[in-house]
Amino acid sequence: MKRILCIGAGYVGGPTMAVIADQCPDLTVTVVDINAQRIAAWNSDKLPIYEPGLEAVVRRCRGRNLFYSTDIPGAIKAADIIFVSVNTPTKTFGAGAGKAADLQYLEKTARSILEHADSDKIVVEKSTLPVRTAQALSRVLHSNTRGLKFRIVSNPEFLAEGTAIEDLLHPDRVLIGGMEESAIEEVAQIYAHWVPRERIITTNLWSSELTKLVSNALLAQRISSVNSISALCEKTGANIDEVTRAAGRDSRIGPKFLKAGIGFGGSCFKKDILNLVYLCEHYGLPEVAAYWEQVVRMNDFQARRFVGTMLSAMFNTVADKKIAILGFAFKADTGDTRESPAIAVCRQLLEERARIRIHDPQALDNARIDLKDAAGDITYCEDPYEAVAGAHALVIMTDWKNFRDLDYERIFERMEKPAFLFDGRNLLDPEKLFRIGFHVYPIGQKPLTHF
Ligand code: UDX
Ligand code: ADP
């Protein structure tokens, strides 16, 4: 029985290994993490991350061929194939701060593999990494004098949070890059348990690493392009949702990832683009770097612009006003708040001395952590109706579907008047809300106001 190990039990490693264990009963899958609390949570009834469908998969496999452990040395010794999915945040210090990836966790992982391994291994990069990281990994691993051989494979993850299980079960493609055919094939055989062979693409190591960055950069670029046009729509009277619906019908453009909103968040888009930018600068391509950096700038601009709209609508002051924030996660169906535009928007509102009331069905614990150092009046509300009581404005920050089904007549009753509604996701029907009495400010559309 082949033994698979995953180092790093986070948003990527957690769901990916659960699906591998579920689909491959002939493999033993162990997931380890330095964070003992996280491992305890994976072994408990309350998993450390919220992901639709994940719990059922974990329940089926845990204790059968899926194990969560803190015994990193023992697990390394036993493993044939080691997936590395530790976090690779953007560096906050030293050279490349704010752009380059901080590879300290990856390097520590490589060193611990080296320390504890007593046989040859395949090491699979799963974390999002700057191009040519595999080389660094290989150098560390081959600094051993015991003659151990490590074959490095890049297998970037394309799952999106909120649909992780579905994306893993029915991927558009699985990408495997490597130098040795044999190692690529061993990893391909895992996925071939449930993914049709024609969807398993193999490339050289560097193409695979770069594809991850490029895929995310292209997706984020679509969002920034659309959001840039949303600003123009607000000036001209065009409606961004009409524009993108019509433009997306061109089969060359396609309808996905054209939804205007408050801007993209999540752990990947910004980080990967900045990685790409750093890489281009490093290789002496400043024009290419500037081109991609603009995607991130446009995203920051969109959030600032949104707060600007709120301020100018509410008579240039929100000081002492209660503002209900509905949604804090960076998108629906996740409790993850990494890089969520809600963080920047809330901080700006607090600087303006607004009193904020935050509701999110899954992300309140993370919101508390994100805003723990922010000064001001913040209340976290389990109940959306509690958040809107006495509020001057309601802000939709996350596209949670159930926000559509709230009783907006009741919400309007409970709010101060004039009642402002800023829909950062174009989730709600502006006409309907306007008829209830709200002043409605969607993204990329003329506001509907009563004065
Ligand atoms: C992304 C990639 O989709 C995935 O392939 C990769 O592996 C990791 O990064 P994720 O960050 O989980 O996944 O979420 P995604 O669905 O891509 O959304 C990212 C952000 O863009 C969210 O904040 C979302 O609200 C926003 N978005 C998405 C838009 O504003 N408009 C759109 O049309 C689509
Ligand atoms: P991602 O979204 O990439 O999965 P997460 O932060 O959710 O990122 O998960 C990464 C996990 O990797 C964390 O749980 C972290 O504790 C773990 N980790 C980081 N460094 C190490 C290490 N050296 N050994 C084992 N686990 C590690």
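Before moving on, here are some points about what is shown:
- Any chance residue 329 is at pLDDT 95 or above, in a helix (DSSP H, G or I) and under 27 Å from residue 100 (Cα atoms): no
- Subset of the range 421-437 (residues that are more than 16 Å from residue 312 (Cβ to Cβ) and touching a residue at least 40 places away in the same chain (Cβ under 8 Å)): 425, 426
- Members of the range 36-65 found to be surrounded by 18 or more Cβ atoms within 10 Å (Cβ to Cβ) and acidic (Asp, Glu), listed by number: 51
- Selected residue (criterion: surrounded by the most Cβ atoms within 10 Å (Cβ to Cβ)) from residues of the range 252-307 that are out of contact with any Asp or Glu (no Cβ under 7 Å at 6 or more places or on another chain) and polar (S, T, N, Q): 275
- Boolean, residue 62 is more than 16 Å from ligand 1 (Cβ to nearest atom), without any contact (Cβ under 8 Å) to a residue 40 or more places away in the chain, over 22 Å from the mean Cα position of the chain (by Cα) and over 30 Å from residue 276 (Cβ atoms): yes
- Selected residue (criterion: surrounded by the fewest Cβ atoms within 10 Å (Cβ to Cβ)) from residues of the range 11-25 that are outside any loop (DSSP other than H, G, I, E, B) and away from ligand 1 (no atom under 16 Å from the Cβ): 23
- Taking first residues from the range 66-79 that are assigned by TED's automatic domain parsing to the domain that holds residue 123 and farther than 14 Å from residue 120 by Cα and partners that are part of a helix (DSSP H, G or I) and among the hydrophobic types (A, V, I, L, M, F, W, C), the Cβ contacts under 6 Å between residues at least 6 apart in sequence or on separate chains come to 66/21; 68/39; 68/42; 69/75; 70/36; 70/39.
- Just one of (1) touching a Gly at 6+ places or on another chain (Cβ under 8 Å); (2) of a type in the set (Gly, Ala, Ser); (3) away from ligand 2 (no atom under 11 Å from the Cβ) fails for residue 85. It is (3).
- Test: residue in the range 317-325 that is modelled with pLDDT of 95 or more, of a type in the set (D, E, K, R) and within 16 Å of ligand 2 (Cβ to nearest atom): no
- Number of positions in the range 95-105 that are modelled with pLDDT of 90 or more and either under 20 Å from the mean Cα position of the chain (by Cα) or farther than 24 Å from residue 152 by Cα (or both): 1
- Looking across the range 144-193 at every residue that is among the acidic types (Asp, Glu) and part of a loop (DSSP other than H, G, I, E, B), the one that is surrounded by the fewest Cβ atoms within 10 Å (Cβ to Cβ) is identified as 172.
- When the range 72-90 is filtered for residues that are in a loop (DSSP other than H, G, I, E, B), surrounded by fewer than 22 Cβ atoms within 10 Å (Cβ to Cβ) and touching a strand residue (DSSP E or B) at 6+ places or on another chain (Cβ under 7 Å), only 80 remains.
- Selection count where residues are touching a residue at least 24 places away in the same chain (Cβ under 8 Å) and either among the small types (Gly, Ala, Ser) or not assigned by TED's automatic domain parsing to the domain that holds residue 34 (or both), scope the range 80-128: 10
The values are calculated or read from the model by the stated rules, or taken from the named source; none is laboratory data. Since the model is a prediction, treat every value here as computed from it, not as a measurement. Cβ sites come from the backbone with ideal geometry, for glycine too, and all protein chains shown count toward neighbours.
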